[in-house]
């Protein structure tokens, strides 16, 4: 996630418009995101969202929220370029569904918060702040 996102963040000419306008499933829904009134927030939200999910997972901070956001992004990326019930590499299930399932599995496992910097930060004074301690 980090490398896919940072590539978009560092490229000033990158836009999700081409991806959104070529949607085969729910074309009107995805075309709405590609309208000029929406691209100003869709492009940075997409590129920074992917990047921050990757950073959170690499560092082990806020793993559950990052996994839930990653699963949501994978579901949003799943639909546009598939004509159901077949998908390019299989039948209904392809890599976006597998990634979304993996993100959800990690988010639901109790060990999701035991590894990484999040477990260290939770032991400090920052971790004792009610909302932040659960978020990290």
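Data overview
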{"quantity": "Degrees between helix 36-59 axis and first principal axis of the chain (Cα, 0 to 90, nearest 10)", "calculated": "40 degrees"}
{"quantity": "Distance (nanometres) between label positions extended 7 Å along Cα→Cβ at residue 14 and residue 45", "calculated": "1.8 nm"}
{"quantity": "Gain in span if fully extended, residue 101 to residue 77, counting 0.36 nm per residue against the direct Cα distance", "calculated": "7.3 nm"}
{"quantity": "Contact order relative to length of the chain, as percent, for alpha carbon pairs under 8 angstrom and 6 or more apart", "calculated": "25 percent"}
{"quantity": "R0 of 35 Å, Cβ-Cβ distance residue 132-residue 35: FRET efficiency to nearest 0.05", "calculated": "0.45"}
{"quantity": "Helix-derived mean residue ellipticity, 222 nm - over the chain, DSSP H n ≥ 4, -39500 (n - 2.57), to 500", "calculated": "-19500 deg cm²/dmol"}
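Only the coordinates and a few stated rules stand behind these numbers; no lab work does. The model shown is predicted, which means the values in this text are computed figures rather than measured ones. Neighbour counts are summed over all protein chains in view; Cβ atoms, including those assigned to glycine, are modelled from backbone coordinates with ideal geometry.
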